[in-house]
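Okay, structure first, notes after.
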Amino acid sequence: MMGTQKSAISPVSGAQHPASQTVVRQALESAGCRYTAQRGAVYAHLAAVDTHPTVEEVYRAVKRKLPRISLATVYKALEALVESQLATKLTNGDAAARYDWRHEDHYHLRDLVTGEIRDLAVEYDPDLLTKIDPSLHDKLARSGFQVTGYRLEVLGHFAR
């Protein structure tokens, strides 16, 4: 399913804004990747939708603007965006990877039927694990696990 266009109001207060073309170019070049119109178009699509699309969804959308773009080019563009830290690859077992341009910590909603992922419109709480269990960090440290962050997905079904 194709992502819908974002509303003018950011879904999460304080949410990050998409990078300008200049910033995208600089980030790609800093990572040793070339800036191309195709990579710019792929990034622009990621930043324009409120879902986290699969490669195929990005391909179908970008192909409307760049009819000669190939699926392989979209794959390579997404890999370059991930390498340059302009996008994050979201994986879930054997399901198709999805891509997110936002880098600030935030939560997600995941549809268990379609695999669609959207941002959850609540503020990120860096102290959530401590609120769940005040001794969780210590318990995990004693077991040899050092917490460096966390992710939260709320699972369910979007209305159709």
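Every number here is computed from the coordinates shown, using simple stated rules; none is lab data. Please read these numbers as outputs of a predicted model, since none were measured by experiment. Positions of Cβ are generated from backbone atoms using ideal geometry, with glycine treated the same way; all protein chains shown enter the neighbour counts.
Things to note:
- Which label in [x] 17.3, 56; [y] 21.1, 62; [z] 36.1, 118 gives the computed Rg and Dmax of the Cα atoms in Å: [x]
- Here is the list for region 115-160: GluC sites (Glu not before Pro) lying in DSSP coil, each with at most 14 other C-beta atoms within 10 angstrom of its C-beta, are GLU123.
- In the chain, taking the dipole from charged Cβ atoms about the Cα centre, the farthest positive-side position among TYR124, TYR107, TYR59 is held by TYR59.
- Taking every full run of DSSP H in the chain, the ones that stretch at least 15 Å from end to end by Cα along their long axis and average -0.5 or higher on the Kyte-Doolittle scale are 37-48, 71-83.
- Antiparallel bridges, percent of DSSP beta bridges restricted to the chain (to nearest 5): 70 percent
- Packing-based exposure ordering (other Cβ within 10 Å, fewest first) of TYR35, TYR124: TYR124, TYR35
- Estimated distance in nm for a label pair at ARG64 and GLU83, the labels positioned 7 Å out from Cα along Cα-to-Cβ: 2.9 nm
- Under 5 Å between amide hydrogens, built in the peptide plane, is the criterion, and for LEU152 it picks out HIS108 among residues at least 5 positions away or on other chains.
- As a rough footprinting exposure proxy, the listed residues PHE158, PHE145 were ranked by other beta carbons within 10 Å of their own, and the order from fewest upward is PHE145, PHE158.
- Taking 7 Å steps out from each Cα toward its Cβ at GLN26 and ALA96 produces label points 3.4 nm apart.
- Full extension of the segment from THR130 to ARG151, taken as 0.36 nm per residue of separation minus the current Cα-Cα distance, would add 6.2 nm.
- Principal axis analysis of the Cα atoms in region 121-160 yields extents of 46, 18, 16 Å, listed in decreasing size.
- Residue exposure sequence - LEU155, LEU86 - by fewest surrounding Cβ within 10 Å: LEU155, LEU86
- Cα centroid of region 68-95 to Cα centroid of region 104-160, whole Å: 23 Å
- Cα-projected label distance for HIS103 with ARG142, points at 7 Å along beta-carbon direction, nm: 3.8 nm
- Taking amide hydrogens as placed 1.01 Å from N in the peptide plane, the amide H of THR51 sits under 5 Å from those of THR4, each at least 5 positions away in sequence or on another chain.
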